[in-house]
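*Asks:* I'd like to ask some things about the structure below.
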Amino acid sequence: MEKVQIGIKNFEEYRQFLDKDVEIELDYYIQLMKGKKIAMVNSTAYGGGVSEILHSLVPLARDMGIDIDWWVIKGAEEFYYVTKAFHNCLQGQEGELSDWAKKILVYYNEMNAEAMADWDYDIVVIHDPQPAPLINYRHPHDKAKWVWRCHIDTSTPNQEYWDFLYQFISKYDSCIFTMRDFANEGDVLNKLIIIPPSIDPLSNKNTEIGIEEAKSIITKFGVDIHRPLISQISRFDPWKDPLGVIDVYKIVKKEYPSVQLSLVGSMATDDPEGWEYLYRTLRRAGEDYDIDIVTNFNGVSNREVNAFQTASQVILQKSIREGFGLTVAEGMWKRRPVVGGNTGGIKLQIDDEINGYLVNTVEECAERVLSLLRNPGLGEQMGEDGREKVRKNFLLTSHILKYLKLFEELLS
Ligand code: UDP
């Protein structure tokens, strides 16, 4: 396990987004948590929503005066292969859990637990299934309260996988889920807390850039800035349905020939399936030069993601299963209309027909995209509503406040 080097944030700059009552409450809980030590633990420092959040949350909390560290567990390829199977099967995919996979999960956690020997935290937050077994190796005199923060939808899991994981989960003092519907087991429900994730309004990914700057950035990736663009930013993963997005584009293209599609995807270090699914996506796109598929290996980083989102007429997040879908809040924050799969945390964010659209099929999605392309005024109105929804509910500052309230309750 390694401690992640984090950047610097300035809390004062974030006050502009806070309603007065939230600001007062936040200042109050910051004072209560002074002197307490907190650890966040997850499985990757790069790629996917959890690392995205921690890269902002940890430095901002530090600037608030909270003593907080971020640790990442280490593993080899076989570990990530197994944890990806856990991720998929906990979200409902079929498949048997082998004794080998159980051993690998436990073995790597045991190795990582060596770093815990001199820990003196008051609160330990373990993100997702990969490091969940660490709780078995807590020091006998460990005074810390342990929290399991689940980012995925475990409402209808593959029972064999859930039962195995549950022997660890049941030992935690508290469990955080994104939505009430995601939790499935009686015992977890007794110590269940609901906290949705958040975006950082001042990160390179979300800070406001002008439309001209955004266009000049995306033109380098082959996008024709004089024609409309629809985009989806997400890992190449079956649950994100990039193949479905291409099918949507093909329907839209027939009726709106000038449209272009950008699929932007980062290759996460803990996601071995990503490459395989990227190749499938490239095959589905074929030789259509109006489909632009780029990754971090082409030089796409946070600012470029920001530019793609800012310069898109319509943003898609056509997931089939989704924990939260930070990309939805990111798009809404940029005042863009988002068409999202009617699933998981996307339903928390998009109010159908008010600040975006929720869709169940490729055809429905294509129809919504077409109506937004044909009616830019509609998209603008939805975009304004979307930004306010994100400001009130899904910004980093209120996320930290919810954590601090839980920590204070656990420690008192
Ligand atoms: N992301 C990125 N570059 C990419 C693709 C995705 O930075 O090429 C980011 C995206 O902007 C978001 C995060 O990765 O902040 C993905 O989080 P989300 O909750 O949408 O999905 P997850 O990958 O965690 O399932």
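*Asks:* At q = 0.15, 0.18, 0.21 Å⁻¹, what is the base-10 log of I(q)/I(0) for the stretch 1-87 according to the Debye formula with one equal point scatterer per Cα and no solvent? Please give it to two decimals.
*Replies:* Result of the Debye calculation: -0.67, -0.85, -1.03.
*Asks:* In sequence order, what are the phi-derived ³J(HN,Hα) couplings for the stretch 310-325 according to the Karplus relation 6.51 cos²θ - 1.76 cosθ + 1.60 with θ = phi - 60°, rounded to whole Hz, with x for glycine and proline?
*Replies:* So the Karplus estimates, Gly and Pro as x, are 5, 8, 7, 6, 9, 10, 10, 9, 7, 5, 9, 10, 8, x, 10, x Hz.
*Asks:* A further question on this structure: Please state, as a whole number in µm²/s, the translational diffusion coefficient that the Stokes-Einstein equation yields for the stretch 36-189 at 10 °C and 1.306 mPa s, with Rh defined as the Kirkwood radius across alpha carbon pairs.
*Replies:* Reported coefficient: 100 µm²/s.
*Asks:* Percent relative contact order of the stretch 143-217, based on C-alpha pairs within less than 8 angstrom and at least six residues apart?
*Replies:* 29
*Asks:* Right, something else. Find how much the distance from Lys143 to Glu364 grows on full extension, using 0.36 nm per residue of separation minus their present alpha carbon separation; answer in nm with one decimal. Write down the numbers at each step before the final one.
*Replies:* Numbers: separation 221, 0.36 × 221 = 79.56 nm, distance 5.24 nm.
Once the chain is fully extended between Lys143 and Glu364, it gains 74.3 nm.
*Asks:* Please report the spacing between the Cα centers of the stretch 283-303 and the stretch 1-30 in Å, no decimals.
*Replies:* 35
*Asks:* Among residues other than Trp333 whose Cβ falls under 11 Å from its Cβ, what is the net charge (Lys/Arg +1, Asp/Glu -1)?
*Replies:* Result for the neighbourhood of Trp333: +3.
*Asks:* Given points 7 Å out from each Cα along the Cα-Cβ axis, report the Lys103 to Met267 separation in nanometres with one decimal.
*Replies:* 3.1
*Asks:* For Met111 and Ser371, compute 0.36 nm times the residue count separating them, minus their Cα-Cα distance, and round to one decimal in nm.
*Replies:* 88.2 nm
*Asks:* Could you give me D for the stretch 249-309, from Stokes-Einstein at 37 °C and 0.692 mPa s, where the hydrodynamic radius is the Kirkwood radius over C-alpha pairs? Units µm² s⁻¹, please. Walk me through the numbers before you get to the answer.
*Replies:* On the way: Rh = 12.9 Å.
In µm²/s, the coefficient rounds to 255.
*Asks:* Based on other C-beta atoms within 10 Å, arrange Ser234, Ser398 from fewest to most.
*Replies:* Listing Ser234, Ser398 from fewest to most nearby Cβ atoms yields Ser398, Ser234.
*Asks:* Need one number: the % of Cα-Cα pairs in the stretch 115-263 sitting beyond the 28 Å mark.
*Replies:* 47
*Asks:* Moving to a separate point now. Quickly work out the Gln167-to-Glu384 label distance, labels modelled 7 Å from Cα along the C-beta direction, and quote it in nm with one decimal.
*Replies:* About 5.7 nm, to one decimal.
*Asks:* Let me ask something else about it. With the Cα gyration tensor of the stretch 255-412 giving a ≥ b ≥ c as the square roots of its eigenvalues, does the rule (a/c under 1.5 for rounded; else a/b larger than b/c for prolate; else oblate) give rounded, prolate or oblate?
*Replies:* Since a/c reaches 1.5 but b/c is at least a/b, the shape of the stretch 255-412 is classed as oblate.
*Asks:* Next question, about the same structure. Going 7 Å from the Cα of Ser301 along its beta-carbon direction, which residues of the stretch 193-221 have the amide nitrogen within less than 16 Å of the resulting point?
*Replies:* 203-207, 217-218
*Asks:* Okay, moving on. Just Asn42, Asn112, Asn355 to compare: in a GNM of the chain, with alpha carbon springs under 10 Å, which one fluctuates most?
*Replies:* Asn112
*Asks:* Same structure, new question: Could you compute the net charge surrounding Tyr28? Neighbours are other residues with a C-beta less than 12 Å from the C-beta of Tyr28; K and R count +1, D and E count -1. Let's see the in-between values first.
*Replies:* Values: positive: Lys34, Lys405; negative: Asp21, Glu23, Glu25, Asp27, Glu408.
Once positives and negatives cancel, what remains is -3.
*Asks:* Sticking with this structure for a sec: Tell me, what is the percent relative contact order of the chain, built from C-alpha pairs under 8 Å that lie six or more residues apart? Please report the intermediate quantities before stating the final value.
*Replies:* Details: 766 pairs, mean separation 67.4, N = 412.
Contact order relative to length: 16 percent.
*Asks:* Now for a separate question. To check you understand DSSP bridge types, tell me what percent of the beta bridges within the chain (both residues inside) are antiparallel, rounded to 5.
*Replies:* Counting DSSP beta bridges with both partners in the chain, the antiparallel share is about 5 percent.
Computed from the coordinates by the stated procedures, all read-outs in this text should not be read as laboratory data. Being a predicted model, the structure only gives us computed values, none of them experimental. All Cβ positions, glycine included, derive from the backbone under ideal geometry; neighbour counts span all protein chains shown.
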